[in-house]
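Peer 1: Just passing along the structure, written as structure tokens.
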Amino acid sequence: MSDDEAAVAVRQWREEAADQAVLLDGFHALKHALRFGARVRIAVTSDKAAALALAAELAEDLTEVIEERVLEVPAETLRELVPRVHPTRVAALADRRGRQRNLAELAGPARPAPVVVLDNPRNLGNVGAVVRLSAGFGATGVVTTGDIDPWHPNAVRSGAGLHYATAVERLASDDLPAGPLYALDPEGEDIRSLVIPDDALLAFGSERHGISPEVRKRATRLVALPMRPRVSSYNLATSVAMALFHWGGPAQGPASG
């Protein structure tokens, strides 16, 4: 890429970033965003040959797209564009998944899989990890309450771009989708004794504070995960994974990169 072409790429990146585009940080985030229909505005790398090698190894279905869409810029330019360069030296900007589409899927009258509700989460990395595993399990979506944005760059980075594979939204506690709400709580019934319906909401509080009074009041049932005495709690993503595994998850299919 010539100096003029690099300058054009930098200008386009900064214009798109100013327009509240979602930062896709790393090859895997770009890969998943493309696979699940994101509108990627611009993608850059400081080593296109390495990006294409990753595509050939992990995303052969996207090799041609990455060849066409990813622009190579100098390493120092990439460091100027992103706050922290991903080890894969790939970054992109994309449109956020449409809110109306998300709300329609979350409110669907016959949801085929549970909605995961994170009640006032505090750690963006945990939010992203929950999105990633929820997408893998085929959950209908992930809803957060509270003041942090589940589409924050740190959450998208931790989620490896899988925000585009499921409905991720922030809602007030009073606006949660309809359906039986199973709130995870140490005082609840052992989850192993229950059948989780497909249209359930599975609500998880923070490790420190647990479920809020508002969500507890709405709960259809309180549910507890098996835990050894004197162990205080599980990591949030671990708790979600255990509950979704108990629900059942998607039919088994071939793994992909």
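Peer 1: Of the residues that sit in segment 23-44 and are in contact with a Phe, Trp or Tyr (Cβ under 6 Å, 6 or more places away or on another chain) and of a type in the set (A, V, I, L, M), which one is nearest to Val90 (Cα to Cα)?
Peer 2: If we filter segment 23-44 for residues that are in contact with a Phe, Trp or Tyr (Cβ under 6 Å, 6 or more places away or on another chain), which is where we start, we get 33, 36, 38, 42.
Those left that are additionally of a type in the set (A, V, I, L, M): 33, 38, 42.
Details: Ala33: 13, Ala38: 16, Ile42: 11 Å.
Top of the filtered list is Ile42.
Peer 1: Select from segment 3-40 the residues that are farther than 18 Å from His152 by Cα and among the acidic types (Asp, Glu) and write down the one among them that is modelled with the highest pLDDT.
Peer 2: Per the stated criteria, the residue is Glu15.
Peer 1: What's the number of the only condition in (1) within 30 Å of Arg89 (Cα to Cα); (2) touching a helix residue (DSSP H, G or I) at 6+ places or on another chain (Cβ under 6 Å); (3) acidic (Asp, Glu); (4) open to solvent by 30 Å² or more (accessible area, probe 1.4 Å) that Glu214 fails to meet?
Peer 2: (1)
Peer 1: Give the residue, chosen from Gly26, Gly37, that is touching a residue at least 60 places away in the same chain (Cβ under 8 Å) and loosely packed, with under 15 Cβ neighbours inside 10 Å.
Peer 2: Working: Gly26 fails: loosely packed, with under 15 Cβ neighbours inside 10 Å.
Exactly one of Gly26, Gly37 is touching a residue at least 60 places away in the same chain (Cβ under 8 Å) and loosely packed, with under 15 Cβ neighbours inside 10 Å, namely Gly37.
Peer 1: Same structure, new question: Helices (runs of 4 or more DSSP H) wholly in segment 12-92 with at least 1 residues that are closer than 20 Å to Gly128 by Cβ - which ones?
Peer 2: Values: elements: 27-35, 48-58, 63-69, 75-81.
Because the criterion is at least 1 residues that are closer than 20 Å to Gly128 by Cβ, the helices (runs of 4 or more DSSP H) in segment 12-92 that meet it are 27-35, 48-58.
Peer 1: I've got another one for you. Out of all the residues in segment 158-190, which are of a type in the set (Gly, Ala, Ser) and part of a loop (DSSP other than H, G, I, E, B)?
Peer 2: Step one: filter segment 158-190 for residues of a type in the set (Gly, Ala, Ser), giving 158-161, 165, 167, 172-173, 178-179, 183, 188.
Scanning segment 158-190 gives Gly159, Ala160, Gly161, Ala172, Ala178, Gly179.
Peer 1: With Thr166, Thr220, Thr238 as the choices, which residue is open to solvent by 20 Å² or more (accessible area, probe 1.4 Å), β-branched (Val, Ile, Thr) and within 29 Å of Lys31 (Cα to Cα)? Walk me through it before giving the result.
Peer 2: On the way: Thr166 fails: open to solvent by 20 Å² or more (accessible area, probe 1.4 Å); Thr220 fails: within 29 Å of Lys31 (Cα to Cα).
None of the others qualify; the one that does is Thr238.
Peer 1: When residues of segment 45-60 are filtered for being in contact (Cβ under 8 Å) with a residue 24 or more places away in the chain and under 11 Å from Arg89 (Cβ atoms), how many remain?
Peer 2: Going through segment 45-60 one residue at a time, the tally reaches 7.
Peer 1: Within the bounds of segment 47-65, is there any residue that is among the charged types (D, E, K, R), closer than 21 Å to Ala155 by Cα and surrounded by fewer than 20 Cβ atoms within 10 Å (Cβ to Cβ)? Steps first, answer last, please.
Peer 2: Here is the first cut: in segment 47-65, the residues among the charged types (D, E, K, R) are 47-48, 57, 60-61, 64.
So of that shortlist, the ones also closer than 21 Å to Ala155 by Cα come out as none.
Checked against the condition, which is being among the charged types (D, E, K, R), closer than 21 Å to Ala155 by Cα and surrounded by fewer than 20 Cβ atoms within 10 Å (Cβ to Cβ), segment 47-65 yields no hits at all.
Peer 1: What number of residues in segment 140-157 are among the small types (Gly, Ala, Ser), outside any helix (DSSP H, G or I) and open to solvent by less than 10 Å² (accessible area, probe 1.4 Å)?
Peer 2: 1
Peer 1: Go through segment 108-165 and give me each residue that's in contact with a helix residue (DSSP H, G or I) (Cβ under 8 Å, 6 or more places away or on another chain), closer than 15 Å to Leu201 by Cβ and small (Gly, Ala, Ser).
Peer 2: Ala113, Ser134, Ala139, Gly141
Peer 1: Among the residues of segment 180-190, is any within 15 Å of Ala33 (Cα to Cα) and either surrounded by 15 or more Cβ atoms within 10 Å (Cβ to Cβ) or touching a Ser or Thr at 6+ places or on another chain (Cβ under 9 Å) (or both)?
Peer 2: So the first thing to find is which residues in segment 180-190 are within 15 Å of Ala33 (Cα to Cα), and the list is none.
So far as segment 180-190 goes, no, none of its residues is within 15 Å of Ala33 (Cα to Cα) and either surrounded by 15 or more Cβ atoms within 10 Å (Cβ to Cβ) or touching a Ser or Thr at 6+ places or on another chain (Cβ under 9 Å) (or both).
Peer 1: A further question follows. Return the only residue of Arg89, Arg132, Arg99, Arg122 being under 30 Å from Ala7 (Cα atoms), among the charged types (D, E, K, R) and open to solvent by 20 Å² or more (accessible area, probe 1.4 Å). Show your work before the answer.
Peer 2: Values: Arg132 fails: under 30 Å from Ala7 (Cα atoms); Arg99 fails: under 30 Å from Ala7 (Cα atoms); Arg122 fails: under 30 Å from Ala7 (Cα atoms).
Selected residue: Arg89, the only one of Arg89, Arg132, Arg99, Arg122 that is under 30 Å from Ala7 (Cα atoms), among the charged types (D, E, K, R) and open to solvent by 20 Å² or more (accessible area, probe 1.4 Å).
Peer 1: Return the pairs, sorted by first residue and then second, in which the second residue is among the polar types (S, T, N, Q) and open to solvent by 10 Å² or more (accessible area, probe 1.4 Å), the first residue lies in segment 134-146 and is touching a residue at least 40 places away in the same chain (Cβ under 8 Å), the beta carbons are less than 7 Å apart, and the residues are 6+ apart or on different chains.
Peer 2: Every condition considered, the pairs that remain are Thr145/Asn120; Thr145/Ser173.
The values are calculated or read from the model by the stated rules, or taken from the named source; none is laboratory data. These numbers come from a predicted model, not from an experiment. Here Cβ is always computed from backbone atoms with ideal geometry, including for glycine, and neighbour counts include all displayed protein chains. Each accessible area value is taken on the protein alone, full model and side chains, heavy atoms only, with ligands, DNA and RNA left out. Shrake-Rupley method; radii C 1.70, N 1.55, O 1.52, S 1.80 Å.
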